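Colleague: Sending over a structure as structure tokens; questions will come in a sec.
The values are calculated or read from the model by the stated rules, or taken from the named source; none is laboratory data. Because the structure is a prediction, the values reported are computed rather than measured. When we count neighbours, we look across all protein chains shown, and the Cβ atoms used for this are built from the backbone with ideal geometry, even at glycine. Heavy atoms of the whole protein, side chains included, go into the accessibility calculation; ligands, DNA and RNA do not. Shrake-Rupley method; radii C 1.70, N 1.55, O 1.52, S 1.80 Å.
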Amino acid sequence: MDNEQFRDWSRRAADWGADYRAGLRDRPVRPAIAPGEIFRSIEASPPEAAESMETIFADFEAKIVPGMTHWQHPRFFAYFPANAAPVSVVAEYLVSAMAAQCMLWQTSPAATELETRIVDWMRQALGLPEGFSGVIQDSASSATLAAVLTMRERTLDWQGNKKGLSGQGRLRVYSSDQVHTSIDRAIWVAGIGEENLVRIPVAGTYRAMDTAALEAAIVADRAAGLLPAGIIACVGGTSTGGTDDIAEVAAVAKRQGLYLHIDAAWAGSAMICPEYRHFWTGVEGADSIVFNPHKWLGAQFDCSIQFVRQPEDLVRTLAIKPDYLKTRGHDGIINYSEWSVPLGRRFRALKLWFLLRAHGLEALRTMIRNHVAWSEGIAARLAEEEDFELASQPMLSLFSFRHRAASGADCDEHNLRLVDAINNDGRIYLTQTRVDGRVAIRFQAGQFETTAADVDTAFTVICECARFPKD
């Protein structure tokens, strides 16, 4: 592809993208295809000769797009959002065109220095105090792994990376059962072991950790010769929005000398609105915080910010400095590859810079406030319906509900069939979870271009599908 062809196809791809986004409401949110259908439509062997871009692009439209779930659809109410505001898509195109490797200051000075500035913009936007710095990771999973590795190294007096875990005491990490499964994976990868992730009982509307039980578990483990290393608290857990009392958890962490990491991957975006910051009162006591602008704020995936109170601990845990990665003649500069598990780094700060400037914080606050209000509204409407009940109360824009099954029918199976019927209808997309051991259907409003009318459509679809139970 020569430069003129590159120019032409870049324009055509941009036109396709704009048309695609404009027509999303006319598409089903999730494709109605059988497993293996796309796989069988792709040639079994790679081509020996070059094919024309016209042929390749036609196959993209005919074979790939019909098999996509449309995450930017305004009636995507499943999981959590993975928003890509159009301005962030434009920024990502520029990043892709430059194709820079941003692992060190010298490999892309602007990328490093913009990241430093943008992370501080976000610190201010979320109301975090001065003293927190941070890094843009690819996802909350990576940020949590970095936090777990740091708490491991601090507890082992920085000997884990050097000597390994063999012969060391058994490390213990504490959380509720409301945290994301990325915490489990971080515990696995860090070598701590699943059995050493201690699940603390929860209570209350937001299923917060019982902090008395938390401290008792830490004290008992230490008395038994184990090595308490850290606590992972959550604000806005994936299942029902589980949220710990951060001030109380931070007080326990301080008394016990433990590292505290807060997973606010989804709900953290809402903290740009001052009225929601009560959900993480005490956050200044954390050692590490993660939130994902690529979820609710509008930055295209991947874009996850990890704030840290002592960056030197993170760097001491993760930095490897061979001669070929040293920046000669410049001491004290930041090389963000030393703050991350991967060495290679994309230029993630650019899309946040574009996004924040193009929309401004107040427009983003309005979007989040609307999502919360609309979600609370549909929850109230469902609660008033005779055959529906709320399984969990709204936490920001997330709640869950159940439909009552016929007498003698299995309620779990009934609700699983209902969520399948809703999704097969195609107009909206929801997912299921379990609340207190029973199946429930999750609803969250968070897509960047969702309107009140889209939420009204969701209510209509839910009620229509529930009128035809197949128990």
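Colleague: Any idea how many residues of region 330-365 are open to solvent by 60 Å² or more (accessible area, probe 1.4 Å) and under 18 Å from Ala146 (Cα atoms)?
Modeller: Residues flagged as open to solvent by 60 Å² or more (accessible area, probe 1.4 Å) and under 18 Å from Ala146 (Cα atoms) within region 330-365 amount to 3.
Colleague: Can you tell me which of (1) within 25 Å of Arg21 (Cα to Cα); (2) among the hydroxyl-bearing types (Ser, Thr, Tyr); (3) more than 26 Å from the chain's Cα centre (by Cα); (4) assigned to a loop (DSSP other than H, G, I, E, B) is the one Ser407 doesn't meet?
Modeller: (1)
Colleague: Considering only region 99-112, state which residues are assigned to a loop (DSSP other than H, G, I, E, B) and either at pLDDT 90 or above or in contact with a helix residue (DSSP H, G or I) (Cβ under 8 Å, 6 or more places away or on another chain) (or both).
Modeller: Residues satisfying the conditions are Ala100, Cys102, Met103, Leu104, Trp105.
Colleague: OK, next. Provide a single number: the residues in region 423-456 that are under 24 Å from Pro86 (Cα atoms) and in a helix (DSSP H, G or I).
Modeller: Summing the residues that are under 24 Å from Pro86 (Cα atoms) and in a helix (DSSP H, G or I) in region 423-456 gives 4.
Colleague: Same structure, new question: Restricting attention to strands (runs of 3 or more DSSP E) lying wholly within region 113-215, give those where 3 or more residues are within 17 Å of Ser288 (Cβ to Cβ).
Modeller: In region 113-215, 133-137, 171-175 are the strands (runs of 3 or more DSSP E) which contain 3 or more residues that are within 17 Å of Ser288 (Cβ to Cβ).
Colleague: Sticking with this structure for a sec: Helices (runs of 4 or more DSSP H) wholly in region 12-98 with at least 1 residues that are under 30 Å from Ile422 (Cα atoms) and of a type in the set (Ser, Thr, Tyr) - which ones?
Modeller: Output list reads 37-41.
Colleague: What number of residues within region 141-167 satisfy the criterion of being within 21 Å of Phe307 (Cβ to Cβ) and in contact with a helix residue (DSSP H, G or I) (Cβ under 7 Å, 6 or more places away or on another chain)?
Modeller: Final tally of qualifying residues: 10.
Colleague: Got at least one residue in region 205-224 being within 30 Å of Ala363 (Cβ to Cβ) and either touching a Ser or Thr at 6+ places or on another chain (Cβ under 7 Å) or of a type outside the set (Val, Ile, Thr) (or both)?
Modeller: Yes: one or more hits.
Colleague: Is one or more of the residues making up region 43-51 at positive phi and either open to solvent by 70 Å² or more (accessible area, probe 1.4 Å) or within 24 Å of the chain's Cα centre (by Cα) (or both)?
Modeller: No, because not a single residue in region 43-51 is at positive phi and either open to solvent by 70 Å² or more (accessible area, probe 1.4 Å) or within 24 Å of the chain's Cα centre (by Cα) (or both).
Every residue, every condition in (1) closer than 21 Å to Leu145 by Cα; (2) open to solvent by less than 50 Å² (accessible area, probe 1.4 Å), yes or no:
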| site | (1), (2) |
| --- | --- |
| Trp158 | yes, yes |
| Ser176 | yes, yes |
| Asp184 | yes, yes |
| Val189 | yes, no |
| Val198 | yes, yes |
| Pro201 | no, no |
| Ala208 | no, yes |
| Val252 | no, yes |
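Colleague: Further, regarding this structure: What single numbered condition from (1) modelled with pLDDT of 95 or more; (2) at positive phi; (3) open to solvent by 20 Å² or more (accessible area, probe 1.4 Å) fails to hold for Leu396?
Modeller: Among (1) modelled with pLDDT of 95 or more; (2) at positive phi; (3) open to solvent by 20 Å² or more (accessible area, probe 1.4 Å), the lone unmet condition for Leu396 is (3).
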